[in-house]
1. Could you go through segment 91-104 and let me know if any residue there is touching a strand residue (DSSP E or B) at 6+ places or on another chain (Cβ under 7 Å) and among the hydroxyl-bearing types (S, T, Y).
2. Checking the condition outside any helix (DSSP H, G or I), surrounded by 16 or more Cβ atoms within 10 Å (Cβ to Cβ), out of contact with any Cys (no Cβ under 9 Å at 6 or more places or on another chain) and modelled with pLDDT of 90 or more, which residue from F195, F159 passes?
3. In segment 167-187, what residues are in contact with a Phe, Trp or Tyr (Cβ under 9 Å, 6 or more places away or on another chain) and without any contact (Cβ under 8 Å) to a residue 60 or more places away in the chain?
4. Output the qualifying pairs, or none if there are none: Cβ atoms under 9 angstrom, residues six or more apart or on different chains, first residue in segment 54-83 and acidic (D, E), second residue surrounded by 15 or more Cβ atoms within 10 Å (Cβ to Cβ) and part of a strand (DSSP E or B).
5. For the subset of segment 98-150 comprising residues that are among the charged types (D, E, K, R) and not assigned by TED's automatic domain parsing to the domain that holds A9, which member is farthest from the chain's Cα centre (by Cα)?
6. Does A33 satisfy the criteria of being modelled with pLDDT of 95 or more, in contact with a Gly (Cβ under 6 Å, 6 or more places away or on another chain) and either basic (K, R) or assigned by TED's automatic domain parsing to the domain that holds G85 (or both)?
7. Could you list all residues from segment 50-62 that are part of a helix (DSSP H, G or I) and either modelled with pLDDT of 95 or more or surrounded by 15 or more Cβ atoms within 10 Å (Cβ to Cβ) (or both)?
8. Against the definition (of a type outside the set (S, T, N, Q) and in contact with a Ser or Thr (Cβ under 8 Å, 6 or more places away or on another chain)), how does L31 come out, yes or no?
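The values are calculated or read from the model by the stated rules, or taken from the named source; none is laboratory data. Remember, predicted model here, so these are calculated numbers, not experimental data. Reconstructed Cβ throughout: ideal geometry from the backbone, glycine too, with neighbour counts over all protein chains shown.
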Amino acid sequence: MSGTLYIVATPIGNLEDITLRALRILKEVDLIAAEDTRHTRKLLTHFGISRPLTSYFDHNKEVKGNFILDQLEKGANVALVTDAGTPCVSDPGYQIVRDAWAAGYTVVPIPGACAAIAALAASGLPSDLFTFAGFLSNRHGRRREKLQELSKLPGLIIFYEAPKRLLTTLRDMLEILGDRQVVIARELTKMYEEFLRGRLSELIARAEEVPVRGEVAILMSPSDQPELPDTPAMEELLRRYLASGEFSLKDAVKQVTKETGLAKSVVYAEALRQKG
């Protein structure tokens with residue numbers, strides 16, 4: 001009889017945020033596959049749990065994925081955990097889950113902490129429709145392309161970001177998404193948990209003065225700008241400036257924004273469309 005793969009959520013900070021069921025499963029399984037065995041061993045030690053550990057992360061997921069499937073075939077029960085929160089959210093865990101299902105093994109979720117949902121619940125922003133975008137690329141061009149794709153989505157957008165890239169990301173968001181209402185949730189469930197609220201421009205100014213430390217979730221409200229009517233003048237101006245060869249895309253957007261009074265994000269989107 002084959003084993004079962006358990007997807008076990010672990011605390012994102014406060015160790016009390018682990019369920020009784022999660023503790024029982026971790027005590028009973030034959031093997032725990034962890035993103036970082038050193039980190040998980042500390043968690044297990046805190047709760048007096050001693051079970052065999054193996055690593056499973058992005059750079060060894062092929063080799064270790066086959067190993068985990070072999071253990072399931074032999075009848076072993078395996079728990080998959082990440083460093084914090086729910087596995088398979090912004091990590092490679094979904095691949096072993098996909099392969100386990102494909103091979104006919106049972107997969108059981110053990111729900112618990114998730115930074116995105118915790119931040120959403122306490123944000124005070126509309127939560128009836130949201131998109132989880134996870135981590136944006138650390139490459140400038142790709143990050144901006146992704147933001148442009150997300151700019152037309154309805155509802156809230158949730159991002160994760162590292163503190164060292166936060167300011168750069170917020171500035172790109174301001175230029176492409178506009179000056180929306182934002183909540184930045186940092187150090188969730190930890191001693192210095194904090195929620196920063198305001199317009200993007202306000203939070204950028206604050207972060208420039210006092211750096212935001214710790215891992216953060218960024219919750220971006222839907223655009224509160226009214227739908228704009230057709231703007232043939234903007235399109236024609238952009239076409240003329242871009243075709244002249246005298247303006248870069250950035251300078252053309254700046255000039256047309258000045259002449260028409262339209263939002264920079266709207267002009268920028270049209271400029272990208274014209275550039276193909």
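1. For segment 91-104, residues touching a strand residue (DSSP E or B) at 6+ places or on another chain (Cβ under 7 Å) and among the hydroxyl-bearing types (S, T, Y): absent.
2. Numbers: F195 fails: surrounded by 16 or more Cβ atoms within 10 Å (Cβ to Cβ).
So the residue among F195, F159 that is outside any helix (DSSP H, G or I), surrounded by 16 or more Cβ atoms within 10 Å (Cβ to Cβ), out of contact with any Cys (no Cβ under 9 Å at 6 or more places or on another chain) and modelled with pLDDT of 90 or more is F159.
3. As a first pass, look at segment 167-187 and keep what is in contact with a Phe, Trp or Tyr (Cβ under 9 Å, 6 or more places away or on another chain): 169, 173, 175-176, 183-186.
Within segment 167-187, T169, M173, I184, R186 meet the criteria.
4. D83/T10; D83/A34
5. My answer is D128.
6. When the stated conditions are applied, A33 does not pass them.
7. If we filter segment 50-62 for residues that are part of a helix (DSSP H, G or I), which is where we start, we get 61-62.
Across segment 50-62, the qualifying residue is only K61.
8. yes
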